[in-house]
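Working notes, beginning with the structure itself.
Here, each number is a calculation from the coordinates, and none is a lab measurement. Keep in mind that this is a model prediction, so the values were computed, not measured. Here Cβ is always computed from backbone atoms with ideal geometry, including for glycine, and neighbour counts include all displayed protein chains.
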Amino acid sequence: MTLEMRNISKSFGAARALKNVPFDLGPGEVHGLLGENGAGKTTLMNILAGALQPDSGSITINGKEVRGMTPRKANEYKIRFIHQELNLCNDLAVYQNMFLGGEYAKAGLIVQKKDEIAKAQEVLDFMRAGINAAVPAAALDTAQKQLVEIARALLFESELIIMDEPTTALNNQEIENLFAIIRRLKSEGVSFIYISHKMPEIFAIAERYTVFRDGTFIQSGFIKDIDERTAAELLVGKKFVTENLKAAGSHKTNDAAFSVRNLRGATFNDVSLTVHAGEIIVITGLQGSGKDEFAQALFGASPVLSGEIETKNGRLNLSSIKKVMKSGVAMIPRNRKERGIIPHLSIRNNISLAYFTALHNSLFISNKEEINRWTRNKQKLEIKADSENNAITSLSGGNQQKVILGRWLEINADVYILDNPTQGIDIGAKYAVYKLLHELAARGKAVIVFSNEFPEIQQLAGRCLVFYKGKINADIQYKDLSEVLIMQYSTGLNAEVPDV
Ligand SMILES: Nc1ncnc2c1ncn2[C@@H]1O[C@H](COP(=O)(O)OP(=O)(O)OP(=O)(O)O)[C@@H](O)[C@H]1O
Ligand SMILES: [Mg+2]
């Protein structure tokens, strides 16, 4: 497909989300669309897919101007949109979700359930998703749901696939599988628009890029002509200071704050670790390493078969999140959005809910306290919002994440456990999050972060624990950290190299 978008503008009330932006794309091209949270990326894609009408501007596909784009027209042009938000219907089976609104049904053919299941399964297997097409969507975890969203786009023949943050819930192996699929379809002439805040992904998969900032077009060009730092600077509009936060030194003390002893779950065994007050550790590992299940066990979402966890306040009872919080442990799960956001409520109410469920003891909510908390967070995390009274859904994806994350970080705990904390957050604001975590450590808090992004590990980890085959395979000190070393321990290479 060749696509040309010209002078696209779009306002929401007084807020101008897009100001006269251009965008173009050729056949078989993977085009990275970059910009900070709230830059207008999703809005432009919604316009292209007919979900939103632009205030002005034109869309030309294969040399012909398309007036009044609608979702149905976009579908006819074989444009598929993998949304930033998960849109699966929990009550339907995976295959039904995949066929929802699809061509088979539209053509009015008598659809054989068996055929649909078979076809859906074929796509899922092609993706190596390990998902059964006949199970209800409700049975899937978030990563699997994200894979189904992708599978849905692959089900029908496509000319353009828009991927808006497709990998936020995926692990490295799943991302590699996705990239293999993109490369293969690309060689058949399918075009892609790829949106991600993970710079290495853009550089691995895209050949061209376009940068937006605050709803305006900044620059377009070939990926081979820029590097990650230049891209980051285009994005934020200023020199990007990649200061090394770890270099400021460690605040680690000798007080054990969180001790895991011989913890065993379905896919991990005999895991022991101690995190000290003032220390930040990062836990990483590949798919199937047991790391994810270990994180889930800490979050009370998957069962612990034996072992125990101790904090300053005694043995931790994982059966109730309330009890966990009362023992001074704050747990910030991944995919906060899926679990944490009530779409119809305001930004402020959404913030309060997370907070009050966790630890508010009084019946009364202090208005002033609430407003202060919001203002503080807005500044610290550079949240782009007109008013805290707006619906949370009026915020861009990343700004919603910041709202929820910021609030949890405000809870006064001794230990903070965060799974994938910067998911969907732009590169500038990621630094703000890292700084907040270092501040927590400086105040004597123990911080445990689950992450698979090396730049993040490097910014945070006083030490990094690497899972392999259900056990901690390495405990790497900050000074020894390297991506290669982590990869070696993640893949168990160290176990196979004989000692010399
Ligand atoms: N339905 C809406 N109502 C009001 N404002 C909106 C709505 N949708 C988007 N906006 C505003 O438009 C701007 C652009 O948002 P958009 O979602 O396109 O950003 P984005 O580049 O996708 O950011 P992110 O990386 O965080 O997903 C934001 O300021 C956002 O608050
Ligand atoms: Mg977006």
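Hey, if you drop one equal point scatterer on each alpha-carbon of the stretch 380-500 and run the Debye formula without solvent, what base-10 log of I(q)/I(0) do you get at q = 0.13, 0.20 Å⁻¹? Scattering profile of the stretch 380-500, log10 relative to I(0): -0.62, -1.12.
For the stretch 10-64 and the stretch 181-208, what is the separation of their C-alpha centers, rounded to whole Å? Between the Cα centres of the stretch 10-64 and the stretch 181-208 lies a distance of 18 Å. Listed by chain and number, the aspartates and glutamates whose alpha-carbon sits under 15 Å from that of LYS435, ignoring those within fewer than 8 places in the same chain, are GLU243, GLU279, GLU382, GLU410, ASP426, GLU456. Calculated over the stretch 157-275, the projected area of the Cα convex hull averaged across directions stands at 12.4 nm².
Assuming charge only on the beta carbon of Lys and Arg (+1) and of Asp and Glu (-1), the dipole of the chain about its Cα centre is about 1180 debye to the nearest 20.
Take every DSSP beta bridge whose two residues both sit in the stretch 3-236, then give the antiparallel share in percent to the nearest 5. Let's see the in-between values first.
Values: 22 of 39 bridges.
Of all bridge pairs located within the stretch 3-236, approximately 55 percent are antiparallel.
Rounded to the nearest 5, the antiparallel percentage of DSSP beta bridges internal to the stretch 245-496 is 50%.
Can you give the percent of C-alpha pairs in the chain whose distance is more than 35 Å?
Numbers: 44102 of 124750 pairs.
Tail fraction, whole percent: 35.
Residue by residue, the stretch 285-299 carries 3J(HN,Hα) couplings of x, 7, 4, x, 7, x, 4, 5, 5, 4, 4, 4, 5, 4, 7 Hz when phi is fed to the Karplus relation 6.51 cos²θ - 1.76 cosθ + 1.60 (θ = phi - 60°); x denotes Gly or Pro. Given the C-alpha centroids of the stretch 410-469 and the stretch 115-140, what is the distance between them in whole angstrom? With the stretch 410-469 and the stretch 115-140 each reduced to a Cα centre, they are spaced 34 Å.
For the pairs LYS323/LYS378; LYS113/LYS145; LYS41/LYS186, flag any whose C-alpha to C-alpha distance is greater than 24 Å. Exceeds cut-off: LYS323/LYS378. Loop-located GluC sites (Glu not before Pro) in the stretch 140-209 (DSSP state not H, G, I, E or B) with no more than 13 neighbouring Cβ atoms inside 10 Å: GLU157, GLU188.
Please identify the trypsin sites (Lys or Arg not before Pro) of the stretch 151-245 that satisfy two criteria: DSSP loop assignment and at most 14 other Cβ atoms within 10 Å. Which are they?
Values: sites: ARG152, ARG183, ARG184, LYS186, LYS198, ARG208, ARG213, LYS224, ARG229, LYS238, LYS239; in loops: LYS198, LYS238, LYS239.
The qualifying sites are LYS238, LYS239.
Within a straight-line Cα-Cα reach of under 17 Å, LYS119 can be paired with the following lysines, leaving aside sequence neighbours fewer than 8 residues apart in one chain: LYS106. Placing one identical point scatterer on every Cα of the stretch 245-496 and ignoring solvent, what is log10 I(q)/I(0) from the Debye formula at q = 0.15, 0.17 Å⁻¹? The computed values of log10 I(q)/I(0) come out as -1.08, -1.36.
Can you give the alpha-carbon Rg of the stretch 3-236 over 2.2 N^0.38 Å, where N counts its residues?
Working: Rg = 17.7 Å, N = 234, 2.2 N^0.38 = 17.5 Å.
Here the Cα radius of gyration is 1.01 times the empirical estimate.
Taking amide H as placed 1.01 Å from N in the peptide plane, the amide H of ASP24 sits under 5 Å from that of MET5, each at least 5 places away or on another chain.
Rounded to the nearest Hz, the phi-derived 3J(HN,Hα) couplings of the stretch 475-485 under the Karplus curve 6.51 cos²θ - 1.76 cosθ + 1.60 (θ = phi - 60°) are 10, 9, 6, 3, 5, 9, 4, 8, 5, 4, 4, where x marks glycine and proline.
Just for the chain, what percent of DSSP beta bridges are antiparallel, to the closest 5? Intermediate values should be presented prior to the final figure.
Values: 41 of 76 bridges.
About 55 percent, rounded to the nearest 5.
Taking K and R as +1 and D and E as -1, what net charge do the other residues with C-beta under 15 Å from the C-beta of ALA129 add up to? Don't skip to the end; give the middle numbers.
On the way: positive: LYS119, ARG128, LYS145, ARG152; negative: GLU122, ASP125, ASP141, GLU149, GLU174, GLU176.
That works out to -2.
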